[in-house]
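**Student:** The structure follows.
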2 protein chains.
Amino acid sequence: MTERRAPRARATTLVKRTEILHAATTTFGAKGFKNGPLTEIAEQVGMTHAGILHHFGSKDQLLLEVLKLRDAEDVADLEGAHIPEGVELFRHLVRTAFANEARPGIVQAYAVLSAESVTDDHPGRPYFEERYRTLRQEIVDAFTSICVERGLTTPHTLGLAAASILAVMDGLQVQWLLTPDDVQLAEASAFAIEAIAARALSPQELPLDLGSARASAAPRA
Amino acid sequence: MTERRAPRARATTLVKRTEILHAATTTFGAKGFKNGPLTEIAEQVGMTHAGILHHFGSKDQLLLEVLKLRDAEDVADLEGAHIPEGVELFRHLVRTAFANEARPGIVQAYAVLSAESVTDDHPGRPYFEERYRTLRQEIVDAFTSICVERGLTTPHTLGLAAASILAVMDGLQVQWLLTPDDVQLAEASAFAIEAIAARALSPQELPLDLGSARASAAPRA
DNA sequence: TACAACTTACTGACAAGTCGGTAAGTTCTG
DNA sequence: CAGAACTTACCGACTTGTCAGTAAGTTGTA
């Protein structure tokens, strides 16, 4: 936006880099990584694409730094506070879902990029593999700590529950991006998280009795 | 795989078209729509890319027919049986999850394409919007029919539950594709569906009490 | 302070490759 | 022969990355 007449070299560079990273988030969110041209990112920050490459070396490297940036900012948002433990982690997840409704850009970038990352030799793949593994573990730990607190034996379904919680949050984002009027991102996230946690922590009656469905798979191979 | 020296024109054409559609599913699944080149699809069926264009007119059109094909095949799998109603629909969803573990190609195609469809002017977008709307409605109807059957008043959370169920199935697919060893696609799907349905149909105690998290959203705008 | 040596942050032009689509011609088949 | 099913050849558009050059700032030094 505003022109900066570099007072200090080092500081200005950092600002420019962050500006580029945010522009890249926008473009990758709007068009995906492979189809988000460097030119479009460049013109958002008043530069040529060669300038971007000067800063980041390659498009792949730019993607990796875009992904790292969000993590850095998310941690910054916690403002030195501890990583949430126990029930606090689930509250944090729900808060995040509510906050996400106000920043569709980043939500879209993550939704698009995480799915794109499963394609052949995608440079973001290792990042997302690691990210999901870490988040699942954090959720399992939170569940475990709740069980200890409440004197429950830890169920063997915590892994399933952890994966399901992340899955529902991601999946809801896609539906929300497609039909924002039909899907309430945060409400549904809160509902589902509570449902899955309830099931994991205190397995009660099974209103659907889906057990029989497990046995027979659909015909098509 | 095997070369076909067309014996009959009309019948062969249909076969060829379906063969192309399956090849396209593979390529779009592996590389996405925008980055899945027609050439790659063409060589899978022993053709040049111009041959594909001869059959489908444009790449966009090919995508739409790829998406329609799966619906057609899924319906065919039901073999003239009714669209599942009530509890049967949920059993069908779980069966599908188990069946999907055996066909990672199609799973990946849908995971990649549905997320890609939220990008700017994506030709698959209307299809996915409609698809999710329809599926959500089917699930809501199934819930409603269960409520009627059991003499329950229909909760106002059925919409949230329906979106959540679809979300968890989609989200688990992405995690499963990224780390197949860590995530059990079908088990987790069954677990989550049961959890969400339980919560929607018989809201019991809330072990997490996440209500307070709704009020305060995270700082970042 | 003054000036040289060096670094940083770019631009503009270009190379090299990819891709979708079209047009025109060829082969196959009924 | 007529028309469907292609192929070959090609265009135009787009992309990433490289490279040389330039303007501006920074550092070292006397």
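The values are calculated or read from the model by the stated rules, or taken from the named source; none is laboratory data. Computed from a predicted structure; not experimentally measured. Here Cβ is always computed from backbone atoms with ideal geometry, including for glycine, and neighbour counts include all displayed protein chains. For the accessible areas, the whole protein counts, side chains as well, though only heavy atoms, and no ligand, DNA or RNA atoms are used. Shrake-Rupley method; radii C 1.70, N 1.55, O 1.52, S 1.80 Å.
**Student:** Which ³J(HN,Hα) values, rounded to whole Hz and listed in residue order, are derived for segment B:180-192 from phi using the Karplus coefficients 6.51, -1.76 and 1.60 in 6.51 cos²θ - 1.76 cosθ + 1.60 with θ = phi - 60°, glycine and proline given as x?
**Tutor:** x, 7, 8, 10, 9, 3, 6, 4, 5, 4, 4, 4, 5
**Student:** If you line up the long axis of helix A:158-178 against the longest principal axis of chain A, both from Cα atoms, how many degrees apart are they, to the nearest 10?
**Tutor:** Between the helix axis and the principal axis of chain A, the angle is about 50 degrees.
**Student:** May I have the extent of the alpha carbons of the protein assembly as shown along their three principal axes, as whole Å values ordered from largest to smallest?
**Tutor:** Projected onto the principal axes, the Cα atoms of the protein assembly as shown cover 76, 61, 36 Å.
**Student:** Same structure again: Could you do me a favour and compute the accessible area per residue for chain B, 1.4 Å probe, result in Å²?
**Tutor:** Working: 10170 Å² over 221 residues.
Using a 1.4 Å probe on heavy atoms only, each residue of chain B averages 46 Å².
**Student:** Let me ask something else about it. Treat each spin label as a single point 7 Å out from the Cα along the C-beta direction, and report the B:Asp141 to A:Glu149 distance in nm.
**Tutor:** Rounded to a tenth, the inter-label distance reads 4.3 nm.
**Student:** Counting only protein heavy atoms and a 1.4 Å probe, tell me what percentage of the protein assembly as shown's accessible area is made up of carbon and sulfur.
**Tutor:** Roughly 55 percent of what the probe reaches on the protein assembly as shown is carbon or sulfur.
**Student:** Turning to a different aspect of this structure: Considering chain A as a Gaussian network with a 10 Å cut-off on Cα pairs, which listed residue, A:Ala72, A:Ala111, A:Ala190, attains the greatest mean-square fluctuation?
**Tutor:** Highest fluctuation among the options: A:Ala72.
**Student:** Now a separate question. Over the Cα atoms, compute the radius of gyration (one decimal) and Dmax (the largest Cα-Cα distance, rounded to a whole number) for chain B, in Å.
**Tutor:** Just the Cα atoms of chain B yield Rg and Dmax of 20.7, 69 Å.
**Student:** What percent does the relative contact order of segment B:82-203 come to when contacts are Cα pairs within less than 8 Å and at least six residues apart?
**Tutor:** In percent, rounded to a whole number, it is 33.
**Student:** If the viscosity is 1.306 mPa s and the temperature 10 °C, what translational diffusion coefficient in µm²/s does Stokes-Einstein give for segment A:82-202 when Rh comes from Kirkwood over Cα pairs?
**Tutor:** Rounded, D is 105 µm²/s.
**Student:** Follow-up. Compute the long axis of helix A:59-77 from its Cα atoms, compare it with the longest principal axis of the Cα atoms of chain A, and write down the angle in degrees, 0 to 90, nearest 10.
**Tutor:** 60
**Student:** With a 1.4 Å probe, how much accessible area is buried between chains A and B, both sides summed, in Å² to the nearest hundred?
**Tutor:** Accessible area lost upon association: around 7500 Å².
**Student:** What distance in nm lies between label points placed 7 Å from Cα along the C-beta direction at A:Glu85 and A:Arg133?
**Tutor:** So the label points at A:Glu85 and A:Arg133 sit 2.4 nm apart.
**Student:** For B:Leu78, A:Leu166, give the ranking by accessible area with the largest first, probe 1.4 Å. Could the numbers behind the result be given before it?
**Tutor:** Working: B:Leu78 45, A:Leu166 15 Å².
So, going from the largest accessible area down, we get B:Leu78, A:Leu166.
**Student:** Where nothing but the Cβ of Lys and Arg (+1) and of Asp and Glu (-1) is charged, how large is the charge dipole of segment A:10-66 around its Cα centre, in debye to the nearest 20?
**Tutor:** The calculated dipole for segment A:10-66 is roughly 80 debye.
**Student:** May I pose another question? If one computes P(r) from the Cα atoms of segment A:19-98, what percent of pairs lie at distances over 17 Å?
**Tutor:** Beyond 17 Å sits 53 percent of the P(r) for segment A:19-98.
**Student:** How high is the FRET efficiency between A:Asp74 and A:Thr48 when r is their beta carbon distance and R₀ equals 45 Å, given to the nearest 0.05?
**Tutor:** Efficiency, from the Cβ-Cβ distance: 0.90.
**Student:** If I model a spin label as a point 7 Å beyond the Cα along the Cα-Cβ vector, how far apart are those points for B:Arg103 and B:Asp60 in nm?
**Tutor:** Result for the modelled spin labels: 2.8 nm.
**Student:** To one decimal in nm, how far is B:Glu19 from the same spot in the other copies, if labels go 7 Å from Cα toward Cβ? Please give the shortest first.
**Tutor:** B:Glu19 label point versus its equivalents elsewhere: 5.6 nm.
**Student:** Using alpha carbon centroids, what distance separates segment B:25-44 and segment A:128-181, in Å?
**Tutor:** Comparing the Cα centres of segment B:25-44 and segment A:128-181, I get a distance of 33 Å.
**Student:** Could you give the dipole magnitude of chain A about its Cα centre, charging the beta-carbon of Lys and Arg +1 and that of Asp and Glu -1, in debye to the nearest 20? Intermediate results must be reported in sequence, preceding the final value.
**Tutor:** Working: 22 positive and 29 negative charges, 129 e Å.
Charge dipole of chain A: 620 debye, to the nearest 20.
**Student:** Given N residues in segment A:10-66, what is its alpha carbon radius of gyration divided by 2.2 N^0.38 Å?
**Tutor:** With N residues counted in segment A:10-66, Rg over 2.2 N^0.38 Å equals 0.99.
**Student:** Then there's this: Against the longest principal axis of chain A, how steep is helix A:87-100, in degrees 0 to 90 to the nearest 10, with axes from Cα atoms?
**Tutor:** Relative to chain A, helix A:87-100 is tipped by roughly 50 degrees.
**Student:** So how much slack lies between B:Asp121 and B:Thr18, counting 0.36 nm per residue of separation and subtracting their Cα-Cα distance, in nm?
**Tutor:** 34.4 nm
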